[in-house]
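To start, the structure under review is shown below, and the notes come after it.
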Amino acid sequence: MKILILGAGAVGGYFGARLIESGADVTFLVRKKRSLLLKKQGLKIISPCGDLNLKVKTITNAGITPVYDVILLTNKSYDMDEILETNFPVKNSSVIIPLLNGFSHIRKVEKKFSNASVFGGLAHIFSTIGVTGEIQHFNEVHSITFGHLKNKNKDIGKNFYDICDKANFTVNYSNNIVLDLWYKWILIATVAGATTMFKCVLGEVLSTKFGKSFVEELHEECIKIAKSKNIKLEEKTIFQQRKFLTLKNSNWNSSMRRDMENGSKIEHDHIFFELIKIANRNKISCPNLKLVFTNGQIYSSKL
């Protein structure tokens, strides 16, 4: 099975390296600058789950051929339009799994790659790119969840699941990936919103007089938006989210805040504004969500 991973960054680079470590045939689609760096120094992982330094196969847009069985999209959401505009050939039997937060990208990918089987997917990992291009993984959380969006594709992903199951990370197959995507979207929007708004980890927000209520209200807005889309959220899962979101000593940060600290682009449109658009259509009040989105807009306007 030939696997193509779009991006060799904090997500794609990490999981791709673990797959290579287990013997999988992986190629990274990267920009020329990243390709040159990887050829020069290899793909380096610094992780409590085991360090790696691997020689890897890379290609650029000009070298894509329709030979890949599984394609993982691990790019940032703001790069999605560029990807969808490129001539990107895939096999009729290819499985495409976007590992992006949010949900709006799914329909775009399905439209672009109508001859392939598009799955829903998400990654749980706390990682970043270091100053020399290495991938820094901060704790022992490293998992991929994916699942079919259409019943006819239910059995297609099994081979890829079996390959992932041999690698040094956790893999889960979801029979309700839409629900799982919404759970993560709600959680990410809350954490990213609070940590970017106040430029600190979640515990510092919670230690203030009104911080806990801000986090709870932001979380509740996201929940109401999901319910307005008839997403059947389980109270047990929402209660567990709220419990983790309000731990006073929490060191939870967000990749969006780290991107801000590095002066990089952020995914405020994809994470916050897409939720706001749903809220506006369904007449859901979301003042806190609009506040954190505005903060993201102001930051982005200064890049």
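Overview of values
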item	result
Tally, over segment 87-123, of residues that are part of a helix (DSSP H, G or I), in contact with a helix residue (DSSP H, G or I) (Cβ under 7 Å, 6 or more places away or on another chain) and without any contact (Cβ under 8 Å) to a residue 40 or more places away in the chain	2
The one condition in (1) under 19 Å from the mean Cα position of the chain (by Cα); (2) of a type in the set (A, V, I, L, M, F, W, C); (3) in a helix (DSSP H, G or I); (4) not assigned by TED's automatic domain parsing to the domain that holds residue 226 that residue 189 fails to fulfil	(4)
Tabulated pairs, segment 124-147, first assigned by TED's automatic domain parsing to the domain that holds residue 47, second charged (D, E, K, R) and in a strand (DSSP E or B), C-beta under 6 angstrom, 6+ apart or interchain	134/44
Among the candidates 121, 102, 133, residue that is at positive phi and under 12 Å from the mean Cα position of the chain (by Cα)	102
Residue list for segment 110-150, filter: surrounded by 16 or more Cβ atoms within 10 Å (Cβ to Cβ), of a type in the set (Val, Ile, Thr) and over 28 Å from residue 94 (Cβ atoms)	128
Pairs, first under 12 Å from residue 119 (Cβ atoms) and in the same structural domain as residue 116 (by TED's automatic domain parsing) in segment 153-165, second among the aliphatic types (A, V, I, L, M) and in a helix (DSSP H, G or I), C-beta under 7 Å, six or more apart	none
Among the residues listed as 9, 50, the single one being part of a loop (DSSP other than H, G, I, E, B), under 21 Å from the mean Cα position of the chain (by Cα) and touching a residue at least 24 places away in the same chain (Cβ under 8 Å)	9
When residues of segment 12-45 are limited to those that are in a helix (DSSP H, G or I) and of a type in the set (A, V, I, L, M, F, W, C), the one nearest to the chain's Cα centre (by Cα)	15
Flag if residue 298 is of a type in the set (A, V, I, L, M, F, W, C), more than 15 Å from residue 185 (Cα to Cα) and assigned to a helix (DSSP H, G or I)	yes
Output for segment 91-125, where each listed residue is among the polar types (S, T, N, Q) and within 11 Å of residue 149 (Cβ to Cβ)	117
Matching option when the condition is crowded, with 20+ Cβ neighbours inside 10 Å and touching a Cys at 6+ places or on another chain (Cβ under 9 Å), among 38, 29, 19	19
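The values are calculated or read from the model by the stated rules, or taken from the named source; none is laboratory data. Note that the structure is predicted; figures quoted are calculated from it, not measured. As a convention, Cβ positions derive from the backbone with ideal geometry for all residues, glycine included, and neighbour counts pool all protein chains shown.
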